[in-house]
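Reading through the structure tokens given below for one structure.
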Amino acid sequence: MSAIVHVEDFSFKYRDTKRRAVKHVSFDVEEGSCFAIIGANGSGKSTLCNALVGLIPHYFVGARAGRILIDGVDVAESTIAELSNTIGLVFQNPFNQLSYTAGTVAEELAYGLGNHGVARELMIERVEAVAKLMRIDHILDKNPLELSGGQVQRVAFGSTFIMEPRVLVLDECTTQLDPLGASEIFDIVKQLNADGVTVIMVDHDMERVAQYADTVMVLDRGSVAAIGAPYEVFADPELESHGVQPPDYVPLTRALGLPIEIREEPTIAAVKEVLA
Amino acid sequence: MARKLSFWEGIKAQFSTKSLVLIPIAVGINLIGGTLCSTLKLPLFLDMIGTIVVACLSGPWVAALTGLLTNLFLALVANPVYLPYAVVSVLCGLVVGYMVKAGLFRKKSGVVAIWLVCTLVNAISASLITTFVYGGATGVNGTSVLTATLVVAMKDILASVISSSLIENLVDKGITVIIAWIIVQKIPRRFLSQYAADAVGGSSSTVLDDDADDDAENE
Amino acid sequence: MPHHMPAMNTTVIGRLNPITKIVAVFSLGLSALAWPDFTLGLIVVALLFVVSFMAHIQKDFAKIMFGFGIPVTVMLMFIQGMYSPKNKTVLLDLGFSQLCLEGVLYAAKVVVSLLVFLGSFYIMNKTTYVGSMVAALTAVGLNAKVGYLVLASLNVVPQMQRRMAVIQEAQSARGLDATGGMLSRIKAYIPLLGPVVLSSLTDAQERGMTLETRGFGITGVRQTSYVKVDWNTMDTVANWVLGIVLLAVVVVSILMRIGVIPMLITWGGV
């Protein structure tokens, strides 16, 4: 396995703002892994996500330093459209992830392919496949603007994934959804990750991060405060000083005087034992 | 990095994706402004607020396109009668856009100048269309009745159309300009700063002087 | 066969290619304008009523045609018929003013030409899915950005209107007065419009991000579309007919105006 995402001493400052949103950030993401970025509001998580897919520097204006390589390609020297074949972004507000050009979900899914000039036959094939994967094949002829937030988010997810990217960046993509809608999305993420798609997730739900991530990176006011395996990062007593609450099982395990284990399952077993 | 751009390059630079996505929203603001007038039973149009806001963010040509699309939208969903008046909206967008670009929106006297020029351009171009496309009246609003009354008094069709249009526009554009000004003041700085370059056509990204803001953090 | 398309008008008219309908609007409208008097326009208006029956939209069509046609005819007959500078031949003396033939003829010509444009545009609009229209135009070279602007405006505006309605309801629940004096109503305007405008502007920035990551504005690629637009024999025939009609009308009109062939009808020596 090799690093598909390589970030090297990256800093960025939006134009006309006082401080850098991200500073001296370096990390690598292995192909096929699940990498989580956590941190308080305004710690630079979204800025970093935007930089990974090329929205910085090709959409947002500001000053930057350092470099980001996606599958060996320097983001600054590529284009957002070109990068979308390798790395896709899904963010928070579902209704801002529609093209507003489509009368049906099928058209919406096909929008990116159309811009890339993909032939119609292949387009139909991919729309069907992605719709099935996202479990939206029953609403293909509905107007995307008349769907629920959860459904729209799955359409947005599908519209990103239809480009067949090898890396998915999920910037709090379930924050506006109900728990059921969120778990439906993460069932799909889990499946894609198992199939070899690299996942980079930003999430406030620490239980979920502990459950899915192979590596966790903590951002604090734009800088990397900690990086490592979830059990290491969450076991760090300094974590709360960076504005992040560890998952509930961590204080629980600590209170029980047990070592912090890699996943929640051993803890659950330990708790059951204590209760029994 | 502020390289001087040619006229065409300057226009093309205004049509970045960031500006294009503003246009449908500005069209929406124009139309909502108009709808709100009828809900609040105000005898006004206030259907240029979006055009002026866009002129401030993305420049004259984007504002002109906003005007064009507003009328196209009205023609498609409401009444095709609005289509020829697209010329009026385009002209107003351009005029306001260039006046904003000249920095007039920042001074009180400039805002007054924008109001008066916009009123004149609107009244004259709209009157020419009413007279030469529709023969004097479109039958869709109160202006037609006012025009008819003035025709009886003044015996001159074009002059009557212009007079009734001027009276109406003076009040309407005054309130429009004030509302647009208030809205622009309320736009968050971080959002605004992403747009300023489009209006002048600057470069998109620069190299960060390392640790340039470390002192800012200690504030 | 179209995959997952929204409900569409399936009549003969509805199935015509959008390009054919655009050609029809211009060919019929320009023909009515070119003809020296109102007669041709009147015939086309009658034909448009037939077309509206074929497209099953006759009720709405009649509503818009009479809704526009009657008031505008009254206004123009008054303004032009009595005050046109060309007026000479008195038809009717009303005491305070006189109704004259020249103005009436001019008003009639303006009204029927407008009705031809209005009617054909309305039929095109009501029987065509805008997605198909844009797809058809993109296929013949329309810039994808222009297509985006038209479609996005049509989709974004109703969404903003719904958001506006929600705020309005909330405001009136808090006791907003929409019946007070003029000044208080103008003052009520900003708190209603402001929040929608500001939140929409920030939304715009994220929507721009979405477009960019979906390959919007990509250069050097011919865009394709999921929406399939058919071109049938009907379209070929209709385009030829419309083209020939326009050409013939323009030629005959010019010949009549320069006096090579006589006017078909002379209106009181005009």
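At-a-glance table
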item: Too-long pairs where the Cα-Cα distance tops 25 Å, listed order kept, from A:LYS142/B:LYS186; B:LYS18/B:LYS186; A:LYS142/B:LYS41; A:LYS132/C:LYS228; B:LYS108/B:LYS173; A:LYS132/B:LYS18; result: A:LYS142/B:LYS186; A:LYS142/B:LYS41; A:LYS132/B:LYS18
item: Loop trypsin sites (Lys or Arg not before Pro), the range B:1-98 (other Cβ atoms within 10 Å of the site Cβ: 12 or fewer; DSSP); result: B:ARG3, B:LYS4, B:LYS41
item: Helix C:101-127 axis, angle to chain C major axis (alpha carbon atoms, nearest 10°); result: 40
item: MRE, 222 nm, helices only [DSSP H, n ≥ 4, -39500 (n - 2.57), over the protein assembly as shown, to nearest 500]; result: -18500 deg cm²/dmol
item: Charge tally in the Cβ shell below 14 Å around C:TYR83, where Lys, Arg are +1 and Asp, Glu are -1, C:TYR83 excluded; result: +1
item: Cα-based shape type of chain A, given that a ≥ b ≥ c are square roots of the gyration tensor eigenvalues and the cut on a/c is 1.5; result: oblate
item: Between the range C:106-146 and the range B:33-91, the Cα center-to-center distance that results, in Å; result: 19
item: Acute angle (nearest 10 degrees) that the helix C:58-83 long axis makes with the longest principal axis of chain C, alpha-carbon atoms; result: 50
item: Sites excluded, trypsin sites (Lys or Arg not before Pro) in DSSP loops with at most 10 other C-beta within 10 Å, longest stretch of chain C; result: C:1-173
item: Too-long pairs where the Cα-Cα distance tops 24 Å, listed order kept, from A:LYS13/A:LYS45; A:LYS18/C:LYS145; A:LYS18/C:LYS187; B:LYS12/B:LYS101; result: A:LYS18/C:LYS145; A:LYS18/C:LYS187
item: The range B:146-196: trypsin sites (Lys or Arg not before Pro) falling in loop per DSSP and having at most 15 other Cβ within 10 Å; result: B:LYS155
item: Lysines whose Cα lies under 24 Å from that of C:LYS63, excluding same-chain neighbours fewer than 8 positions away; result: C:LYS21, C:LYS109, C:LYS126
item: Net charge of neighbours whose Cβ lies under 15 Å from the Cβ of C:THR138, counting Lys and Arg as +1 and Asp and Glu as -1; result: +3
item: Beta bridges by DSSP in chain A, antiparallel share as percent, to the nearest 5; result: 55
item: Cα gyration tensor shape of chain C, rounded if a/c is under 1.5, else prolate or oblate by comparing a/b with b/c; result: oblate
item: Within a Gaussian network of chain C (alpha carbon springs, distance under 10 Å), most fluctuating of C:VAL251, C:VAL12, C:VAL157; result: C:VAL157
item: Most mobile listed residue (C:PHE96, C:PHE216, C:PHE78) in chain C, GNM with C-alpha springs under 10 Å; result: C:PHE96
item: Order of A:GLU107, A:GLU184 under a 10 Å beta carbon neighbour criterion, fewest first; result: A:GLU184, A:GLU107
item: Ranked A:VAL53, C:VAL111, criterion: other C-beta atoms within 10 Å, fewest first; result: C:VAL111, A:VAL53
item: Chain A: most fluctuating residue of A:GLU232, A:GLU164, A:GLU108 per GNM, C-alpha cutoff 10 Å; result: A:GLU232
item: Degrees separating the helix A:120-133 axis from the principal Cα axis of chain A, which is the longest one; result: 30
item: Ranking of C:GLU212, A:GLU128 by count of other Cβ atoms within 10 Å, fewest first; result: A:GLU128, C:GLU212
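Since every read-out is calculated from the coordinates, none of them should be taken as a lab result. Keep in mind that what you see is a predicted model, and the values were worked out from it rather than measured. Because the Cβ atoms are built from the backbone with ideal geometry, glycine has one as well, and the counts that use them run over all protein chains shown.
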